[in-house]
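This report concerns only the one structure given below.
The values are calculated or read from the model by the stated rules, or taken from the named source; none is laboratory data. Everything numeric here is computed off the predicted structure, so don't read it as measured data. Cβ coordinates were reconstructed from backbone atoms using ideal geometry, including for glycine residues, and neighbour counts include every protein chain displayed. Calculation scope for accessible area: heavy atoms of the full protein, side chains included, ligands and nucleic acids excluded. Shrake-Rupley method; radii C 1.70, N 1.55, O 1.52, S 1.80 Å.
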Amino acid sequence: MHSAFIELLQNNLEHATEFQNRFDHVQDAQHPAVVTVCCSDSRVLQDHIWGNDEPGQIFTCGNIGNRVVQQTDAGEVVSGDVLYPVEHTGTDIIVVVGHTGCGAVTATYDALTGEISEPAGIEHCLSLLKPHLESGVDALPDDVSRTEAVNRLVEYNVDRQIAFLDANETIPDDVDIVGVVYDFQDVYSDRRGEVHVINVNGEMNVETLREAHPAIDARIRRLWEY
C-alpha cells in the first residue's frame, strides 16, 4: 500500500476523534448556507480557506477551472453538483472561487493562442472553458505578459461562470452569486491565502461594489476592469 495513503488513514483517526460529536445535527439532512465552486487544484483547500471545520456549513464542488457549466445533449446547463444544493437544500449563495496561476485557465489560454495536446478527459474540460474565455483572450492588451494574461483570465473566467449562472433560469432570482479569487502567489497583495471579491451578482466595477458592500470594501479588488 502506498505510504501516502497510509498516512491519510492515520490522519483520519485524529479527524474521527475530533469530529465524533460534530455530525449530530446533520446526520440525516443538510442545509448548507453556501455552495462554493472551486478549482480542484491541490493548493486550494476548499473548507480551510474559509476557516470552516463544521460539517453542514458549505457544500463544496471542485473541478479544474471552477466551472459551473456542464455539457449535455441539449447543450450547456448548470452543472448538477452546483445546482443540487440550490434545488434541494435551501442554499441561496453561490460562490465561484478562482485562484491565481490556475492551470486549467493556463491550458485554455495556450490552446486558444497556440496548439496543445491533452488526453481526451482533460481536453473535454478545456472545451467547456474555451467558448467562455475566447473573448477574454481577444481583449487582452498586446503588451501583457503570459503570467499577467493568465491571472487576468482567471478573473474573466470567474466573471463568465457568474454570467452563465445569472442568465440561467434554473437559478432563482433570490440566490446571490459571488465571484472571488484566492491568491497564494502575491498577485493581489502580500497576504498569501487571502480571498479577493471581484464580482457580486454580475457587478464588476470596484468602486460600485465598495459603495454597495462597505462591510467588505477592503476585500474588493480586481486586476482587470475590461
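Total residues in the range 190-219 satisfying the condition of being under 17 Å from the mean Cα position of the chain (by Cα) and not charged (D, E, K, R): the figure is 10. Among the residues here, Ser135 qualifies as among the hydroxyl-bearing types (Ser, Thr, Tyr) and either within 26 Å of Cys61 (Cα to Cα) or at pLDDT 95 or above (or both). Does Asp110 satisfy being surrounded by fewer than 13 Cβ atoms within 10 Å (Cβ to Cβ) and at pLDDT 95 or above? Here the answer is no, as Asp110 does not meet what is asked.
Among the residues of the range 98-116, those identified as more than 24 Å from Gly193 (Cα to Cα), of a type in the set (A, V, I, L, M) and assigned to a helix (DSSP H, G or I) are Ala111, Leu112.
Sub-6 Å Cβ pairs linking a first residue in the range 140-153 that is free of Cβ contacts under 8 Å to residues at least 12 places away in the same chain to a second residue that is among the aromatic types (Phe, Trp, Tyr), at least 6 apart or interchain, number zero.
Within the group Val86, Val77, Val35, Val26, which residue is among the β-branched types (Val, Ile, Thr) and under 30 Å from Val187 (Cα atoms)? Val35 is the lone residue from the list that is among the β-branched types (Val, Ile, Thr) and under 30 Å from Val187 (Cα atoms). Residues in the range 201-210: is at least one open to solvent by 40 Å² or more (accessible area, probe 1.4 Å), under 12 Å from Gly98 (Cβ atoms), of a type in the set (A, V, I, L, M) and part of a loop (DSSP other than H, G, I, E, B)? No: the range 201-210 contains no residue that is open to solvent by 40 Å² or more (accessible area, probe 1.4 Å), under 12 Å from Gly98 (Cβ atoms), of a type in the set (A, V, I, L, M) and part of a loop (DSSP other than H, G, I, E, B).
When residues in the range 42-61 are screened for being in contact (Cβ under 8 Å) with a residue 40 or more places away in the chain, of a type in the set (A, V, I, L, M, F, W, C) and part of a loop (DSSP other than H, G, I, E, B), 1 of them pass. Take Val86 and decide whether it is over 19 Å from Tyr182 (Cα atoms) and buried (at least 20 other Cβ atoms within 10 Å of the Cβ). When the stated conditions are applied, Val86 passes them. Within the range 178-191, residues that are of a type in the set (A, V, I, L, M) have Cβ atoms under 8 Å from residues that are open to solvent by 30 Å² or more (accessible area, probe 1.4 Å) in these pairs: Val178/Ile93; Val178/Asn201; Val187/Leu223, counting only partners at least 6 apart in sequence or on another chain.
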